[in-house]
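The values are calculated or read from the model by the stated rules, or taken from the named source; none is laboratory data. Here the structure is a predicted model, which is why all the values come from computation and not from measurement. Here the Cβ is made from the backbone with ideal geometry for all residues, glycine too, and neighbour counts use every protein chain on show. SASA here: full protein model, heavy atoms, side chains in, ligands and nucleic acids out. Shrake-Rupley method; radii C 1.70, N 1.55, O 1.52, S 1.80 Å.
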Number of protein chains: 2
Amino acid sequence: MMRPTRNGAQLITNTQGSAPGTGPQPADFTDVRATNLAVVLRFVRENAPCSRADIAASTGLNKATVSSLVADLIDRRLLRETGLTENRVGRPATMLVLDGSPYAAVGIEVNVDYLTAVAVDLKGEALLSWRRAFPGGSASSGQAVAGIAGVARRVVTRMTKEARQVLGLTVAVPGLVDLGGSVRLAPNMGWRDVDLAGDLAKALRDPGFPVLVDNDANLGALAELRFGPHGGVRDLVYLTGEIGVGAGIVLDGRLRRGGAGFSGEIGHIEIVPGGPPCHCGRRGCLEVVAGLGALLDRTVPGGVSPAELEPEIDEVVQRAEAGDPVVLDLLDTLAGNLGRGVGIVANLLNPEVVVLGGYYVKLAPWILARAEQEMLGRALAPGGGGCRLVVSGLGYGAAALGAAARVLDSVDSGRLPAPA
Amino acid sequence: MMRPTRNGAQLITNTQGSAPGTGPQPADFTDVRATNLAVVLRFVRENAPCSRADIAASTGLNKATVSSLVADLIDRRLLRETGLTENRVGRPATMLVLDGSPYAAVGIEVNVDYLTAVAVDLKGEALLSWRRAFPGGSASSGQAVAGIAGVARRVVTRMTKEARQVLGLTVAVPGLVDLGGSVRLAPNMGWRDVDLAGDLAKALRDPGFPVLVDNDANLGALAELRFGPHGGVRDLVYLTGEIGVGAGIVLDGRLRRGGAGFSGEIGHIEIVPGGPPCHCGRRGCLEVVAGLGALLDRTVPGGVSPAELEPEIDEVVQRAEAGDPVVLDLLDTLAGNLGRGVGIVANLLNPEVVVLGGYYVKLAPWILARAEQEMLGRALAPGGGGCRLVVSGLGYGAAALGAAARVLDSVDSGRLPAPA
DNA sequence: AGAGTTAGTTCGTCTAACGACCAAACAAAC
DNA sequence: GTTTGTTTGGTCGTTAGACGAACTAACTCT
């Protein structure tokens, strides 16, 4: 059997908050070990249950090496042996699966009116999913930090009761988050320059696990990458459909945050020159012509209150289902503008998939086709360069799920818990 | 002294045309060696002349390891020892520099009317720079391949005469190039689905070095990254200013080509809805409102002929220098539209630098300030998220230079020539 | 001359991948 | 049942190569 080719390889580092410009890191044996442990872990995640022999055959690693790596992963309680295979020629194989019981990854999504917390095990299966009211828009950032920390503590104690070790906590915030986990600007929350990652770590008093903060669209993209139906996709853009619109950009399999961490601000791209004014001070931003604010302003009497977005969207859906021509027309216009934004993304980034998330999911029946058609008509590459426009199937907690996925990603890329 | 932190590391592969979806590659000792050889090579490139001790101190590698790695690189004729240091306390250091003499990297830039070939040594210093007329727009793709191959052969024999081994050849093409080096669409050249990389390799009959093809904007970005004055920048966008406008996108230190290789098609983003028609069939594309066609159509009687772009631009420059209000007004409008395009890039990708290349360089005195102001006014992040708009200093052969740089990049990332 | 300082090499240690071999455990053929 | 073949997974010795410590070399300064 042919061994998979070993190409020229290069080491990359993947930490939030590591000193920039330190240049390329040299490699030593521990890096090889970490890489191979991660390779085996990911293989089992994607092919469980599987045997050591399967791993060796598929990855090209030596059988002896695989045995050693698997033993290490079992020591660290990341893998578990299950039963043997039966009714096959030859010695039966002992099957391996991810051990779901000892660990938890926690994600919290902060929003204007509510707060979602999820915990998942190594397999990505949900352990808990809480959603509660949260006066994010009206509270001070200090109060908000206290509130988030409170929820985080409750999740952690719950996990501890289940005898699980928390591997990490990531918080999703709708706004500009820099690479150190500071929230530079979150207009809807009324935040500016809040060191959320630092403050949370302080509030949790040496939690023993990393606390990270990231943009909600970025984490939505990670959620799609891990939990969505996009097998093997390496280039994906996720769009949040809320009052604001944000993009999470994955290229070559990893989030691309830009120089300062502020990539994905598609909501303030000018789509309609001289169009309606945006709260950001400009006009015709994607957000005001394809966000939900514009839609609800014209369908809901008395304007939009962020705290009651969901029932208002539901009303729009009902009226659309009933065939209300005013609503259908507004949705069509929104879809057209959204498609223009997606067209820009397709031309500039050539992703394989653009995923619509947030409230766009509920509106999909009336906007997806038009938006896709608009995108395809605007992309220079024939057929949009292979770009598909699809709807997220992850529901509301997508960013929270992505926040947990970010913790799992750091495990997958070599940051393993120590053996017992 | 503190040793640089070793973060979790992950192996990535970096070949054009490697089978997709093969998953993460496991690492072995040869990968460690290749990585560290590349680390030393890059360090010397950036810090030459330097001693073994310098390398060890800065990279964190052990002195003994550095000695071994340097010996290997000298065997491969990539490094060379120069004189000793003098007048310093302690034993004098033997200084190391890149060995410029044994190798050459070749880049060829194909254009509608001309063809640029450059060869550089390991240091990136130019060995030759040819520019000759080339009936690209009017010839069949077969004739074009023959023409390019002819130039390539002449460059190779010239290099061979200088006792240099050619490490690789990259060809820059203005158009959509897929990940296998096929030109899918090059409107200005009149090409569609030309397997340029394959055809060239065939025409050169087993050349003994890799032949790659890439988009001109992508390679322009690589040229800026390597030869431009942007030390340490990891997120950069390069804009070609020709009749068409293209973008090369570098995020996290590497080109991001998108799912099919078609990223960077900024020229056909709609900037002015309902604006002037573009040859692509749409209206108001960036290319028609900020490309050179629009400018020249209105300043040069009788329209634009691609073959005579340069003198026509020179005339525009002269009239601008003379204060011609019509020209100044047109340039201001162009700058405004360009700035809107750059604003989109800044919002979506948050690069540290956007570099204007091509003929934008000549026009910079009249467009740079306005375009930057427009971009800054459109970026959501304060101060454009740190994004600067600058002018390329590389001159016309930028894409050809970038094509050669791509060859050097593959060396830098571990694809070293074998020892003698 | 001797002390101090810095550069680079040598040597032994250690990690971890690899190849070859082997025992265990089964199915199928006899 | 016995034998044969197949597959799994482990053991053992080899090997690549990074690392640390000790050592030698070559200079400056006093």
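Structural remarks
- Interchain or long-range residues, amide H under 5 Å from A:Leu127's placed H: A:Ala119, A:Val120, A:Asp121
- Vicinal HN-Hα couplings computed from phi for segment A:392-402 (Karplus, 6.51 cos²θ - 1.76 cosθ + 1.60; Hz; Gly/Pro x): 5, x, 8, x, 5, x, 3, 5, 5, 4, x
- For A:Lys202, inter-copy label distances in nm, listed shortest first [label point 7 Å out on the Cα-Cβ vector]: 6.8
- Counting Cβ atoms of other protein chains within 10 Å of each residue's Cβ and taking the mean over peptide B:271-280 gives 2.
- Nearest-first distances (nm) between copies at A:Gln143, label 7 Å from Cα via Cβ: 7.6
- Exposure here means at most 15 other Cβ atoms within 10 Å; with GluC sites (Glu not before Pro) in a DSSP loop as sites, the longest stretch of chain B lacking them is B:163-420.
- In order along segment B:113-124, phi translates into HN-Hα couplings of 10, 9, 9, 10, 10, 10, 10, 10, 8, 4, 6, x Hz, rounded to whole numbers, per the Karplus curve 6.51 cos²θ - 1.76 cosθ + 1.60 with θ = phi - 60° and x for Gly and Pro.
- GNM top mover of B:Pro276, B:Pro187, B:Pro174 - chain B, alpha-carbon springs below 10 Å: B:Pro276
- For A:Gly168, the residues 5 or more places off, or on other chains, whose built amide H falls under 5 Å of its own are A:Val106.
- Relative to the globular-protein estimate of 2.2 N^0.38 Å, the Cα radius of gyration of segment B:29-98 stands at 1.06.
- Summing charges over all other residues whose Cβ lies under 10 Å from the Cβ of A:Arg388, with Lys and Arg as +1 and Asp and Glu as -1, gives -2.
- Helix A:216-227 axis, angle to chain A major axis (alpha carbon atoms, nearest 10°): 50
- For the segment A:30-41, counting C-beta atoms of other chains within 10 Å of every residue's C-beta and taking the mean gives 5.
- The antiparallel fraction among DSSP beta bridges confined to the protein assembly as shown stands at about 65%.
- Pairs of Lys residues in the protein assembly as shown are counted when their Cα atoms are under 25 angstrom apart and they lie 8 or more places apart or on different chains; the count is 6.
- A Gaussian network model of chain A, with springs between Cα atoms under 10 Å, assigns the largest mean-square fluctuation among A:Arg340, A:Arg205, A:Arg154 to A:Arg205.
- Where both bridge residues fall in segment B:229-393, DSSP classifies roughly 55% of the beta bridges as antiparallel.
- On full extension, the segment bounded by A:Thr157 and A:Asp193 gains 10.0 nm, given 0.36 nm per residue less the C-alpha separation.
- GNM result for chain B, Cα springs below 10 Å: residue of B:Gly107, B:Gly244, B:Gly208 fluctuating most strongly: B:Gly208
- Principal-axis tilt of helix A:309-321 within chain A, Cα atoms, nearest 10 degrees: 70
- Spatial separation of Cα centroids for segment A:274-348 and segment A:137-166, in angstrom: 33
- Taking the C-alpha atoms only, the angle from helix A:29-47 to the longest principal axis of chain A is near 70 degrees.
- Full-stretch length increase - B:Ala418, B:Ser68 - with 0.36 nm per residue and alpha-carbon distance subtracted: 124.4 nm
- Placing pseudo-labels 7 Å out from each Cα toward the beta carbon at A:Arg132 and A:Lys202 gives an inter-label distance of 2.3 nm.
- Annotation for B:Asn47 and A:Ala322: the two label points, set 7 Å from Cα along the Cα-Cβ direction, are 7.2 nm apart.
- Within-11-Å neighbourhood charge of B:Gly293 [Cβ basis; K, R +1; D, E -1]: -3
- Using C-alpha pairs below 8 Å separated by at least 6 residues, the relative contact order for chain A is 16 percent.
- Relative contact order, percent, segment B:29-98 [alpha-carbon distance under 8 Å, six or more residues apart]: 36
- Other protein chain C-beta atoms within 10 Å of residue C-beta, averaged over A:245-255: 3.
- Loop sites in segment A:49-100: trypsin sites (Lys or Arg not before Pro), DSSP, at most 16 other Cβ within 10 Å: A:Arg77, A:Arg88
- Paired Rg and Dmax values of segment A:308-402, which use every Cα atom, in angstrom: 14.1, 42
- Summed over the residues of segment B:229-393 and divided among them, the accessible surface reaches 33 Å² per residue at a probe radius of 1.4 Å.
- Using C-alpha pairs under 8 Å with a sequence gap of at least 6, the mean separation divided by the residue count of segment A:272-420 gives a relative contact order of 19 percent.
- Distances in nm from A:Arg298 to the matching label points in the other copies, shortest first (labels 7 Å along Cα to Cβ): 3.2
- When the accessible areas of B alone and A alone are added and the area of the pair subtracted, with a 1.4 Å probe, the result is around 6300 Å², both sides summed.
- Cα gyration tensor category, rounded, prolate or oblate, for the protein assembly as shown with a/c compared to 1.5: oblate
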